[in-house]
1. So if I take the centroid of the Cα atoms in the stretch 55-117 and the same for the stretch 119-146, what is the distance between those two points in Å?
2. Considering only Cα-Cα distances, which of the following residue pairs are longer than 27 Å: LYS67/LYS103; LYS67/LYS146; LYS217/LYS245; LYS6/LYS99?
3. When the distances between all Cα atoms of the stretch 20-153 are binned every 10 Å from zero, what whole-number percent does each bin get?
4. Can you give the local net charge around VAL167? Use residues other than it whose beta-carbon is closer than 9 angstrom to its beta-carbon, Lys and Arg +1, Asp and Glu -1.
5. Step through the residues of the stretch 137-145 one at a time and calculate ³J(HN,Hα) from phi using the Karplus curve (6.51 cos²θ - 1.76 cosθ + 1.60, θ = phi - 60°), rounding each to whole Hz and writing x for Gly and Pro.
6. Would you grab the residues whose amide H sits under 5 Å from the one on VAL276? Only those 5+ places off in sequence or on another chain, please, with H modelled 1.01 Å from N.
7. Taking amide H positions as placed 1.01 Å from N in the peptide plane, with prolines and chain starts having none, which residues 5 or more places from ALA106, or on another chain, fall under 5 Å of its amide H?
8. Taking all pairs of different Cα atoms in the chain, averaging 1/r and flipping that mean, what Kirkwood radius in angstroms comes out?
Amino acid sequence: MSKNIKIVGVGSYLPEKILTNLDLQKTVDTSDEWIRTRTGIRERRIAREDQASSDLAVEAAKIALQKASLKPEEIDLILVATITPDMFFPSTACIVQDKLGAKNAAALDISAACSGFIYGLVVSHSLICQGQYKKVLLIAAETLSKITDWEDRSTCVLLGDGAGAVVLAPSDSGKEGLLASTLGAIGSAGNLLYLPGGGSRNPTTHQTVDKKLHYLKMQGNDLFKLAVKSLVEAAENVIQKAKIKPQDIDLFIPHQANIRIINASAKRIGIPMDRVYINVDRYGNTSAASIPIALDEALREGKIKKGDLILLDAFGGGLTWGACLLRW
Ligand code: UT7
């Protein structure tokens with residue numbers, strides 16, 4: 001049993017290929033101006049044809065392991081948050097376990113869409129504090145470009161590919177770790193963001209492909225309102241549980257879906273924009289990967305110091321939502 005957890009290594013990986021708004025302007029009826037003003041996105045990364053989510057996951061994981069000074073064999077649990085698994089089964093976590101040579105690790109995928117990293121952090125915290133596992137590799141990896149309808153301007157301008165990873169270990173110092181967390185779901189709103197085809201409801205046939213059921217569908221407008229509400233409520237929940245004030249938060253790392261959602265949420269929570277980490281302009285919405293990618297960048301940019309209070313906050317398909325308040 002341990003009191004809390006600590007993040008001992010962080011890494012991220014973004015595919016090299018950059019797809020700009022100007023590129024998209026040439027293929028769908030959209031404009032750089034529309035995308036920038038409605039979403040804050042300028043460009044996004046796109047995985048190569050031969051790259052699946054596990055390939056991105058492995059690159060991010062290798063960096064996180066190196067930062068943690070750990071060998072893959074020392075990991076006893078691998079969790080991969082993704083809605084773009086390499087295939088239905090084996091899980092992406094099992095594929096990653098093999099590619100890393102993490103032969104002593106159990107492996108499990110988490111399907112909670114954009115909230116997947118937050119769900120994974122809460123699950124890891126419980127398992128580590130119960131003493132079940134000591135070194136957990138939590139990865140969020142997405143290749144949304146592979147489930148995107150590139151003729152649908154209402155979704156294709158929003159999404160991107162990438163991966164982020166953290167290595168978690170027990171902490172008994174009483175100084176660092178997860179101070180408070182909350183998770184939730186609104187299953188009744190699942191139809192706002194989903195992928196209808198290919199599962200046991202609509203097994204893949206020529207017809208499901210003709211109807212484009214293998215692509216992600218989104219009702220952006222309805223989602224927008226629920227997104228702000230969920231982000232604000234989740235943040236207020238953890239702020240209250242940890243008995244802190246919004247002004248105590250050193251860095252707010254929200255899920256990067258849309259700059260307007262980020263601005264509205266930060267304002268309602270009461271966090272000034274100079275304490276909000278933003279990279280949606282460069283990567284678009286990378287679903288579960290967005291928070292760990294941002295966390296890794298913020299660390300590398302020196303925006304996180306020992307003892308800082310960090311708020312992670314996400315919402316996404318499911319619908320799912322969740323927040324974690326961390327003492328670094
Ligand atoms: O990770 C969680 C999942 N996703 C989200 O959080 C997304 C949440 N939603 C959003 O970010 C926004 O709702 C969008 C960015 C998706 C859309 O922005 P909006 O301000 O809600 O626009 P809208 O859907 O109300 O569309 C306004 C207009 C429509 O035209 P009409 O009906 O007013 O003539 C759309 O057809 O903009 C049109 N439109 C576009 N125009 C140019 C939609 N997509 C595009 C586009 N380029 N790419």
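The values are calculated or read from the model by the stated rules, or taken from the named source; none is laboratory data. Keep in mind it's a predicted model, so treat the numbers as computed, not measured. Cβ: placed from backbone, ideal geometry, glycine included. Neighbour counts: every protein chain shown. The accessibility values were calculated without ligands, DNA or RNA, using every heavy atom of the protein model including side chains. Shrake-Rupley method; radii C 1.70, N 1.55, O 1.52, S 1.80 Å.
1. Using only Cα atoms, the two centres lie 9 Å from each other.
2. Those over the limit are LYS67/LYS146; LYS217/LYS245.
3. 12, 36, 28, 16, 8, 0
4. Counting the neighbours of VAL167, the net charge comes to +2.
5. 9, 9, 10, 10, 9, 9, 10, 4, 4
6. The list, which skips near neighbours in sequence, is PHE252.
7. Result for ALA106 returns LEU77, ILE78.
8. 19.6 Å
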